[in-house]
Structures are given as C-alpha cells and as structure tokens.
C-alpha cells in the first residue's frame, strides 16, 4: 500500500530561537519513499541535518521572530501488514545481549526502573521469560492506563502514569518500557506516524504516535501498549531511551507552539 503522510507545525517567537526537530523517517525507510521527504520552512530559515547517536535524522534550524512553520508532505510504500509476531523469540540472559542493546536496560528520565522494579517483579515474575512476558506487560499497561488528550502532561513519568492511571500514547510506552527493563528485557521508546489504517476512524485529531520495541532472540520486535496489539502502516521516525531522545521539537528560547497538524492516510 501507499501512505500519504506529513505535518504542519508552527512556532511563534519573540526573539531568534534555535529548534531541534526530529520529523524525518528513519534512514531504513528511505528506500520506501515514493515522493521525496522534504522539510520546508515558511519563511525560509537556516536548516541542516545530522544523525544522532541512535541513527535518527535530526534537523537544526534557527527561527526568526514571528511565526515560523515547518511542513512536509510525502508518500511512502508500505507492506500493509500487521506488526510481525515471533512468539518463540527467547529472552536472552543479560550476559548474552549484544552491546548495543544493554543501554536499553538502564533507567532513564521518564522510565524509573529503580522505583518500579519491585512492582514489575510482583506483577510479571510468575510469567515465563520471553514473548509471553512482554505480552503480559502490554496487556497490563493497556488496561491500567485510560487514554485521554486532556490528561496529557509532558513531564509525566512511567511511575506517575502507573499511579495516576491516565495518559496518552507516550505514557503507555514509557510504562511498558520501564517494566520490560525491570524484567531484564531491553526496551526502547519509538515515535512516528500511525494512521487509522485497518481500524475504525478515530474522532480524535491525528497526532504522532509512540510505541516501543524489545530485544528478543536476535532482533528488535514492535509492541504497542496504547492500542494493545499489532497495527498496519507504522512509520518510525526515531527511537531512543525515552521521549527525551526523540522529541518532535525541542526549542531553545521563547517559542510557542501555535499550529500542529499531522496526517497519515492510505491512498486508494
């Protein structure tokens, strides 16, 4: 299938303000682009790109005083299949994990493994290691947290989401990631596009989405605690330890977000 996707976000600045954007697809999806993925600013501002330590594409820009908008509109070829499942994928002993996976066992800004470790083992210690344990974590988090945009808070941590039992997709992902790490399963936070493809249309405005991946067997596998199961048409922009590493926009200075539009639609 082909998916048309993109965004239009705008910032109002009182003074020149640097901004760090993470709005490009991961380099692994560049071969799937049907039309170019071009980031446009209005008015034109200085921009340059680099790859961060996780291989995510980042854009640095300097916004002028007034309104600056950033937008992109492109088409991606996608297999159009559900996130693959590998129920037999084993959980590796920590000593056997590849070096690059070890960092995703550690606590991070929004995933406080030190606070949640006792809770995690009391909830999931009886579940056999591997795919089934991750599925148990997904089911618990999906049922524990009630989704709602009015409850969104950018500073909410995994522990706070567990206590408050409300949140948005990033809170589902943070709590699932933290629980997996507590159970010695490497887990990384992911963000990108996920449209209402193969599911009933949502009444909520389209937004970027958050999910997570775990390392089982010899590779990373995708899970989604917000939706509780596999989905079609997932387009990853970036992954990291938590939302700190893959924020859509990080501004340095006075800048107010005044426009935010995201679209992800299957082309017929």
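Considered as a group, the residues in the stretch 29-76 that are free of Cβ contacts under 8 Å to residues at least 12 places away in the same chain and not in a loop (DSSP other than H, G, I, E, B) include one that is farthest from residue 9 (Cα to Cα), and that residue is 31.
Take the residues in the stretch 52-87 that are out of contact with any helix residue (DSSP H, G or I) (no Cβ under 7 Å at 6 or more places or on another chain) and exposed (fewer than 11 other Cβ atoms within 10 Å of the Cβ), then tell me which one is nearest to residue 17 (Cα to Cα). Top of the filtered list is 66. Of the residues 90, 128, the single one that is in contact (Cβ under 8 Å) with a residue 60 or more places away in the chain and loosely packed, with under 14 Cβ neighbours inside 10 Å is 90. Only one entry in 249, 225 is in contact with a helix residue (DSSP H, G or I) (Cβ under 6 Å, 6 or more places away or on another chain) and in contact (Cβ under 8 Å) with a residue 24 or more places away in the chain, namely 225. Filter the stretch 176-195 down to the residues that are free of Cβ contacts under 8 Å to residues at least 60 places away in the same chain and not in a strand (DSSP E or B), then identify the one that is nearest to residue 147 (Cα to Cα). In this case the residue turns out to be 176. Select from the stretch 93-120 the residues that are surrounded by fewer than 17 Cβ atoms within 10 Å (Cβ to Cβ) and assigned to a loop (DSSP other than H, G, I, E, B) and list them in ascending order. 93, 98, 106, 109 - these are the residues of the stretch 93-120 that are surrounded by fewer than 17 Cβ atoms within 10 Å (Cβ to Cβ) and assigned to a loop (DSSP other than H, G, I, E, B).
Against the numbered list (1) outside any helix (DSSP H, G or I); (2) surrounded by 15 or more Cβ atoms within 10 Å (Cβ to Cβ); (3) in the same structural domain as residue 154 (by TED's automatic domain parsing), residue 133 comes up short only at (1).
Against the definition (assigned to a strand (DSSP E or B), under 15 Å from the mean Cα position of the chain (by Cα) and either buried (at least 18 other Cβ atoms within 10 Å of the Cβ) or at pLDDT 95 or above (or both)), how does residue 239 come out, yes or no? I'd like the intermediate steps shown before the answer.
On the way: assigned to a strand (DSSP E or B): yes; under 15 Å from the mean Cα position of the chain (by Cα): yes; either buried (at least 18 other Cβ atoms within 10 Å of the Cβ) or at pLDDT 95 or above (or both): yes.
Yes, satisfied.
In this structure, residue 17 qualifies as surrounded by 15 or more Cβ atoms within 10 Å (Cβ to Cβ), farther than 29 Å from residue 266 by Cα and outside the structural domain of residue 100 (by TED's automatic domain parsing). So for the stretch 189-199 (the condition being within 28 Å of residue 54 (Cβ to Cβ), at pLDDT 95 or above, surrounded by 24 or more Cβ atoms within 10 Å (Cβ to Cβ) and touching a helix residue (DSSP H, G or I) at 6+ places or on another chain (Cβ under 7 Å)), does at least one residue qualify? Yes: the stretch 189-199 contains one or more residues that are within 28 Å of residue 54 (Cβ to Cβ), at pLDDT 95 or above, surrounded by 24 or more Cβ atoms within 10 Å (Cβ to Cβ) and touching a helix residue (DSSP H, G or I) at 6+ places or on another chain (Cβ under 7 Å).
For the stretch 1-27, how many residues are in contact (Cβ under 8 Å) with a residue 60 or more places away in the chain and within 28 Å of residue 78 (Cα to Cα)?
First, the residues of the stretch 1-27 that are in contact (Cβ under 8 Å) with a residue 60 or more places away in the chain: 1-26.
Then keep just the ones that are within 28 Å of residue 78 (Cα to Cα); that gives 1-9, 20-26.
The number of residues fulfilling the criteria is 16.
Could you count how many residues in the stretch 138-157 are part of a helix (DSSP H, G or I), modelled with pLDDT of 95 or more and in contact with a strand residue (DSSP E or B) (Cβ under 8 Å, 6 or more places away or on another chain)? Working first, answer last.
First pass over the stretch 138-157, keeping only residues part of a helix (DSSP H, G or I): 138-144, 149-151.
Subset that is modelled with pLDDT of 95 or more: 138-144.
Subsequent filtering for residues that are in contact with a strand residue (DSSP E or B) (Cβ under 8 Å, 6 or more places away or on another chain) retains 138.
So the answer is 1.
On the basis of being outside the structural domain of residue 214 (by TED's automatic domain parsing), under 26 Å from residue 26 (Cα atoms) and touching a strand residue (DSSP E or B) at 6+ places or on another chain (Cβ under 8 Å), does residue 75 make the cut? Please lay out each step first, then the result.
Values: outside the structural domain of residue 214 (by TED's automatic domain parsing): yes; under 26 Å from residue 26 (Cα atoms): yes; touching a strand residue (DSSP E or B) at 6+ places or on another chain (Cβ under 8 Å): yes.
Spelling it out, residue 75 is indeed outside the structural domain of residue 214 (by TED's automatic domain parsing), under 26 Å from residue 26 (Cα atoms) and touching a strand residue (DSSP E or B) at 6+ places or on another chain (Cβ under 8 Å).
The values are calculated or read from the model by the stated rules, or taken from the named source; none is laboratory data. Owing to the predicted nature of the structure, the values given are computational and were not obtained by experimental measurement. As a convention, Cβ positions derive from the backbone with ideal geometry for all residues, glycine included, and neighbour counts pool all protein chains shown.
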